[in-house]
Amino acid sequence: MSDPIPHLEDLFDEANGHLAVGELEEAIVLYRQCVARDPQFFDGWQALGMALLKTGEVKEAIGAGLMATTLKPNDLLAWTGLSQMYVRNGQIAEAEDAKGKARILSLGGRVVKD
């Protein structure tokens, strides 16, 4: 008998466990499954982007980071992570823009008004 399909939260927790012990490739596979299952899953996109950045998959990391900032445009960590991704890719103007948005949020401002 096959295993039941794991819940999204269980997949995400398993991915985080792999990440915690340095198993980045295993974590990335599971994070990808999370966002494939639920394209609106902000935490999955954010974690996927940061894990991809750590493995040097910078262009794909930027794509995940952009998804995260699209889903939650007023999330400080999403903009900070995206800025780091842009820096690694040599996109300094974009990195500065993302850093500026993170700064606005860190001071209690909003990037997008609700």
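The values are calculated or read from the model by the stated rules, or taken from the named source; none is laboratory data. Remember, predicted model here, so these are calculated numbers, not experimental data. Every residue, glycine among them, receives a Cβ derived from its backbone with ideal geometry; neighbour counts consider all protein chains shown. Surface areas here come from the heavy atoms of the whole protein model, side chains and all, with no ligands, DNA or RNA. Shrake-Rupley method; radii C 1.70, N 1.55, O 1.52, S 1.80 Å.
Positive contributions from Lys and Arg (+1) and negative ones from Asp and Glu (-1), summed over other residues with Cβ under 11 Å from the Cβ of Phe42, come out at -2. Potential lengthening of the chain between Ala93 and Asp13 amounts to 25.3 nm, from the contour at 0.36 nm per residue minus the alpha-carbon distance. Our note on the geometry: Cα centres of segment 70-93 and segment 1-37, 23 Å apart.
For the chain, the solvent-accessible area works out to 59 Å² per residue, with a probe of 1.4 Å and every protein chain left in place.
Over the chain, calculate the relative contact order: mean separation of alpha carbon pairs under 8 Å at least 6 apart, over the residue count, as a percent.
16 percent
Here the chain has 57 percent of its accessible surface on carbon and sulfur atoms, given a 1.4 Å probe and all protein chains in place. Each other residue within a Cβ distance under 13 Å of Ala95 adds +1 if Lys or Arg and -1 if Asp or Glu, for a net charge of +1. Which of Gly109, Thr70, Val87 sits farthest toward the positive end of the charge dipole of the chain, with +1 on the Cβ of Lys and Arg and -1 on the Cβ of Asp and Glu? Working it through, the farthest residue towards the positive pole turns out to be Gly109.
Loop-located GluC sites (Glu not before Pro) across segment 1-47 with a Cβ neighbour count of 15 or fewer within 10 Å are Glu23, with loop assigned by DSSP.
With a 10 Å radius around each residue's Cβ, average the other Cβ atoms per peptide and rank 92-104, 57-69, highest first.
Values: 92-104: 16.0, 57-69: 20.6.
So the peptides 92-104, 57-69, ranked by packing, come out 57-69, 92-104.
Label sites at Val21 and Leu77, each approximated as a point 7 angstrom past Cα along Cα to Cβ, lie 2.2 nm apart. Helices in the chain, meaning DSSP H runs of at least 4 residues, each add -39500 (n - 2.57). Divided by all residues, the mean residue ellipticity at 222 nm is -23000 deg cm²/dmol. About its Cα centre, the chain has a charge dipole of approximately 700 debye under the convention of +1 per Lys or Arg Cβ and -1 per Asp or Glu Cβ, with nothing else charged. Computed with every protein chain present, the accessible area of Lys72 is close to 100 Å² [probe 1.4 Å].
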